[in-house]
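As structure tokens, the structure follows; a few thoughts come after it.
Bear in mind these aren't lab numbers, they're just calculated from the coordinates by the rules spelled out. Since the model is a prediction, treat every value here as computed from it, not as a measurement. Neighbour counts are summed over all protein chains in view; Cβ atoms, including those assigned to glycine, are modelled from backbone coordinates with ideal geometry.
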Amino acid sequence: MAEGGLVSLVITEAGAGSDATGMKTRFEPQGDDIIVNGSKIFITSGDVADLLLVFGKWSEISDAKGAISALVVEKGTPGLSVLRTEDKLGHRASSTAALSFDNCRVPRANLLGKPGDGLAILLASLNKSRPSVAAHALGIARAAFEDAVAYINERRQSGRRIIEFQGIQFMLADLASELALCERWLWHVGALVDAGVDDMGVEASMLKQRASDLAMRISTDAVQLYGGYGYCKDYRVERLMRDAKITQIWEGTNQVHRQLIGRSFMHKIKK
């Protein structure tokens with residue numbers, strides 16, 4: 001990978017999105033091998049990745065959560081096939097694929113950790129990947145904000161620059177303030193990651209949902225400030241708005257993140 005290989009994280013299934021414990025992909029041990037059967041959807045770079053980190057359930061463990069395991073599957077493994085690539089609203093330069101595993105035979109040495117370690121591995125990785133989604137969202141937000149400010153400093157209506165209207169100034173004040181606060185929280189959570197803090201799920205969820213909501217709001221407002229031009233592909237705010245939407249969905253929908261944050265304030269009742 002350090003020499004330029006590509007890895008794909010393979011979790012989501014048709015019936016298991018934000019609730020990864022509902023996955024049906026099955027890992028069955030057979031001697032020195034593991035037989036993989038199942039299907040996955042919405043897999044970033046799944047059609048071109050050199051290695052696939054696949055999450056599925058160990059056939060010999062009955063517990064839904066305890067059975068989740070992680071397995072490295074190499075590109076070109078017999079039985080691995082790409083069903084299709086998606087035609088998406090945004091992020092069109094990044095492929096998203098549906099995959100099928102039909103009696104894929106993988107060496108047992110490719111198992112990450114032990115059978116049943118998958119959920120812990122998954123949750124630990126999400127605590128780090130969710131801040132990266134937030135950084136991505138804030139990059140979109142910052143770009144849309146700066147494009148809009150530059151445009152309305154030049155564009156005139158009724159003999160005045162658009163930025164001279166008080167209502168527009170109030171809008172910019174709110175967006176700039178929220179962007180500054182969210183960017184500061186990103187640095188805080190990034191410091192937690194660098195420090196090796198394990199228990200930071202709530203902070204990561206707060207960051208991801210606020211950053212992605214803000215990206216959608218700022219990019220949408222940027223399109224509005226551009227007027228009709230914002231709806232045309234001549235200016236990148238149109239693309240930024242389309243690209244912002246997925247940040248509210250992947251790595252857990254924002255509705256799920258709000259639930260995770262809210263649950264964290266529940267006190268455990270002693271029996």
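To the nearest 20 debye, what charge dipole does region 7-116 have about its Cα centre, counting +1 at the Cβ of each Lys and Arg and -1 at the Cβ of each Asp and Glu? Write out the running numbers ahead of the final one.
On the way: 12 positive and 13 negative charges, 29 e Å.
Computed about the Cα centre, the dipole is about 140 debye.
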(request) Treat each spin label as a single point 7 Å out from the Cα along the C-beta direction, and report the Arg156 to Leu123 distance in nm. (result) 6.1
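At 0.36 nm per residue, and after removing the present C-alpha to C-alpha distance, how many nm does the segment from Val82 to Val48 gain when stretched out fully?
Working: separation 34, 0.36 × 34 = 12.24 nm, distance 0.95 nm.
Gain on stretching Val82 to Val48: 11.3 nm.
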(request) Mind telling me which of Gln248, Gln209, Gln169 comes out most flexible in a GNM of the chain, alpha-carbon contacts under 10 Å? (result) Gln169
(request) Provide the per-residue ³J(HN,Hα) series for region 59-65, in order, calculated from phi with Karplus coefficients 6.51, -1.76, 1.60 and θ = phi - 60°, each as a whole number of Hz, with x at glycine and proline positions. (result) 5, 8, 10, 8, 5, 4, 7
(request) Could I have the simple spin-label model distance between Arg142 and Leu112, label points 7 Å from Cα toward Cβ, reported in nm to one decimal? (result) 2.8
(request) May I ask you to list the aspartates and glutamates whose Cα is less than 18 Å away from that of Lys24, ignoring any residue fewer than eight positions away on the same chain? (result) Glu13, Glu60, Asp63, Asp102, Asp117
(message) Please give me, ordered by residue number, the chymotrypsin sites (Phe, Trp or Tyr not before Pro) of region 133-196 that lie in loop per DSSP and have at most 11 other Cβ atoms within 10 Å.
(response) none
(message) Quick check: the angle from helix 201-226's long axis to the longest principal axis of the chain, C-alpha only, nearest 10 degrees?
(response) 40
(request) Within region 210-263, list the trypsin sites (Lys or Arg not before Pro) lying in a DSSP loop whose Cβ has at most 12 other Cβ atoms in a 10 Å radius. (result) Lys233
(request) Positive end of the charge dipole of the chain (Lys, Arg +1 and Asp, Glu -1 on Cβ, about the Cα centre): tell me which of Gly228, Ser59, His188 has its Cα farthest that way. (result) Gly228
(request) Please identify, among Ser132, Ser62, Ser39, the residue showing maximal mean-square fluctuation in a Gaussian network model of the chain using a 10 angstrom Cα cutoff. (result) Ser62
(message) Please report the equivalent ellipsoid semi-axes of the chain, computed as sqrt(5 x eigenvalue) of the Cα gyration tensor, largest first, in whole Å.
(response) 41, 23, 14
(request) Give the angle, between 0 and 90 degrees and rounded to the nearest 10, that separates the Cα long axis of helix 118-154 from the longest principal axis of the Cα atoms of the chain. (result) 20
(message) From the phi angles alone, apply the Karplus equation (6.51, -1.76, 1.60; θ = phi - 60°) to region 158-166 and give each ³J(HN,Hα) in whole Hz, x where the residue is Gly or Pro.
(response) 6, x, 10, 5, 4, 5, 7, 6, 4
(request) With a/c under 1.5 counting as rounded, go ahead and sort region 119-263 into rounded, prolate or oblate using the C-alpha gyration tensor (a ≥ b ≥ c being the square roots of the eigenvalues; past the cut-off, prolate if a/b is larger than b/c, else oblate). (result) prolate
(request) Grab the beta carbon distance between Lys65 and Arg105, set R0 = 22 Å, and tell me the FRET efficiency rounded to 0.05. (result) 0.25
(message) Using a Cα-Cα cut-off of under 20 Å, which lysines could be cross-linked to Lys88, ignoring same-chain neighbours fewer than 8 residues away?
(response) Lys40, Lys233, Lys245
(request) Could you calculate the contour length gain from Phe165 to Asp234, that is, 0.36 nm times the residue separation minus the distance between their Cα atoms, to one decimal place in nm? (result) 22.3 nm
(request) Work from the charge dipole of the chain (Cβ charges, +1 for Lys and Arg, -1 for Asp and Glu, about the Cα centre) and give the residue of His91, Pro131, Leu214 farthest towards its positive end. (result) Leu214
(request) Compute the long axis of helix 237-247 from its Cα atoms, compare it with the longest principal axis of the Cα atoms of the chain, and write down the angle in degrees, 0 to 90, nearest 10. (result) 40
(request) Return the long-range amide H neighbours of Ile34 (sequence gap of 5 or more, or a different chain), with a cut-off of under 5 Å between placed amide H atoms. (result) Val106, Arg108
(request) List every residue whose amide H lies under 5 Å from the amide H of Gly46, counting only residues 5 or more places away in sequence or on a different chain, with H placed 1.01 Å from N in the peptide plane. (result) Ala97
(request) Search the structure for amide H atoms under 5 Å from the amide H of Ile41, placed 1.01 Å from N in the peptide plane, and list their residues when 5 or more places away or on another chain. (result) Thr12, Glu13, Ala14, Leu99
(request) Work out from phi, with θ = phi - 60° and the Karplus expression 6.51 cos²θ - 1.76 cosθ + 1.60, the ³J(HN,Hα) of each residue of region 188-199, listed in order in whole Hz, and give x for Gly and Pro. (result) 5, 5, x, 5, 5, 4, 4, 7, x, 5, 8, 8
(message) Let me spell out the model: positive unit charges on the Cβ of Lys and Arg, negative unit charges on the Cβ of Asp and Glu, origin at the Cα centre of the chain. What dipole size does that give, in debye rounded to 20?
(response) 700
